[in-house]
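Notes for the one structure printed next.
The values are calculated or read from the model by the stated rules, or taken from the named source; none is laboratory data. Quick caveat: nothing in here was measured; it's all calculated off a predicted structure. Heads up, the Cβs are rebuilt from the backbone with ideal geometry, glycines too, and the neighbour counts pull from every protein chain shown.
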Amino acid sequence: MSEDKNAELQIILESAGIETQAIRAGQLRTELGSHGEPIFATSSFVFDTAAQAAARFAGDEPGNIYSRFSNPTVSSFEDKLAKMEGGEKCVATASGMAAILATALAFLQQGDHIVSSRSVFGTTNVLYDKYLQKFGVATTFVDLTDMKAWEAAIQDNTKYLFLETPSNPLCEIADIKALAELAHGHGCLLVVDNCFCTPALQRPLLLGADIIVHSATKYLDGQGRSIGGAVVGSEKLMAEVYGVLRTCGPTMSPFNAWIALKGLETLSLRMKAHSQSALVLAEWLQTQSEIEKVHYSGLKGNPGYALAVDQQTGFGGVLSFVVKGGRDAAWKFIDATRLISITANLGDVKSTITHPATTTHGRLSDDEKQRAGIEEGLLRVSVGLESVDDIRADLQRGLSAL
Ligand SMILES: *Cc1c(COP(=O)(O)O)cnc(C)c1O
């Protein structure tokens, strides 16, 4: 595409719908004319002259040097996701954890402090509690929805607040706007892990958050094919994150970037379908006598319902519920399913089921589990894109075993 035409396309994309951005932002065309984005499977890039090499290294001339620094397929994924999140810049990473680590390395130093929601991805907890701690960074964990606790936990050395909304596995909703105001009032950043909603359902930067982290392993790919991650935010903040990535090395591979960028093209459609089926199943589960309660923010009685309607455009594909009879009943339920996969992964076209108390949250003490609402009878389902009738029939197999 000529430079003029491309410049006009970029202007169109600024105000285009997210479905259009997902398909048209970050298009990668080469002179060979391939319509689909090619995978640049190369570690390095050649220069015409010694002077050009020097200019690239000095940053005087744009262009690729080495794939730990940048790669066209990876840039294509980054440009697409940045647009979709409403951010200036995206930096792709090797995994979701690499995105969370790179953010920490970019903005924290010895003696600094984080306030984090207690109900974040389990490994994030371990990263903060065990590894950042080793380097003199302390974390205070608070209840996601307790604004007073967030405020009380902020110290002079707090650099950022960190959260996931909806939370996993209880689908609690945090008020992103209010937390952004709180963070900024104390000179802190707000970092949001946007895995569960994705930009198709929620755009935290537009609500005041400063940084988004993603595991591309989940809905962004959407078909369980690869591991990846990303950080999104302003040019200024992302320059810091990019520096960390380029130096420390957990960058995204071109192949994984290609998978993720192809995933993004269908993200909006998938998230709508995931959300639609999850709501049907949540409403149905609520009417079953073997079930004590259902956690899903799309249910009108859910404490997060009003906030979810306000800041999301859909409720997402993950729900959880408590069966009567504790662990025995929960395991019986899981073992009676045939269609749904027993795996802790989520955000896949395949429905998955897991027992948090003995898997993802198994390392918590009984006290901590109780505090986090991880009951022995709790089951989490990531609702996939199979026919909703077939998923319901499989859940019925679980219920019938009780
Ligand atoms: C999976 C997950 C992560 C970690 O991502 P990886 O790609 O597995 O490293 C972080 N946050 C959330 C909410 C997740 O679900």
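Here are the numbers:
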read-out	value
Strands (runs of 3 or more DSSP E) fully within the range 289-402 counting 2 or more residues that are at pLDDT 95 or above, within 16 Å of the ligand (Cβ to nearest atom) and of a type in the set (A, V, I, L, M)	318-323
Given (1) away from the ligand (no atom under 14 Å from the Cβ); (2) not in a helix (DSSP H, G or I), index of the condition GLU240 fails	(2)
All positions within the range 208-232 that are among the small types (Gly, Ala, Ser) and more than 8 Å from the ligand (Cβ to nearest atom)	GLY208, ALA209, GLY222, GLY224, SER226, ALA230
Any hit, the range 248-260, residues being in contact with a Lys or Arg (Cβ under 9 Å, 6 or more places away or on another chain) and surrounded by fewer than 17 Cβ atoms within 10 Å (Cβ to Cβ)	yes
Residue ranges of strands (runs of 3 or more DSSP E) in the range 68-176 with at least 1 members touching a strand residue (DSSP E or B) at 6+ places or on another chain (Cβ under 7 Å), within 16 Å of the ligand (Cβ to nearest atom) and in contact (Cβ under 8 Å) with a residue 40 or more places away in the chain	89-93, 113-117, 158-164
Cβ-Cβ under 8 Å pairs, at least 6 apart or on other chains, the range 10-23 side charged (D, E, K, R), far side surrounded by 13 or more Cβ atoms within 10 Å (Cβ to Cβ)	GLU19/SER268; GLU19/LEU269
Out of GLU240, GLU235, sole residue that is more than 14 Å from GLY86 (Cβ to Cβ), of a type in the set (Asp, Glu) and surrounded by fewer than 19 Cβ atoms within 10 Å (Cβ to Cβ)	GLU240
Subset of the range 1-19 that is in a helix (DSSP H, G or I) and among the aliphatic types (A, V, I, L, M) - its residue that is surrounded by the most Cβ atoms within 10 Å (Cβ to Cβ)	ILE18
Pair list, Cβ < 6 Å and 6+ apart or interchain, from the range 208-225 residues that are over 25 Å from ASP175 (Cα atoms) to residues that are away from the ligand (no atom under 12 Å from the Cβ) and part of a loop (DSSP other than H, G, I, E, B)	GLN223/VAL349
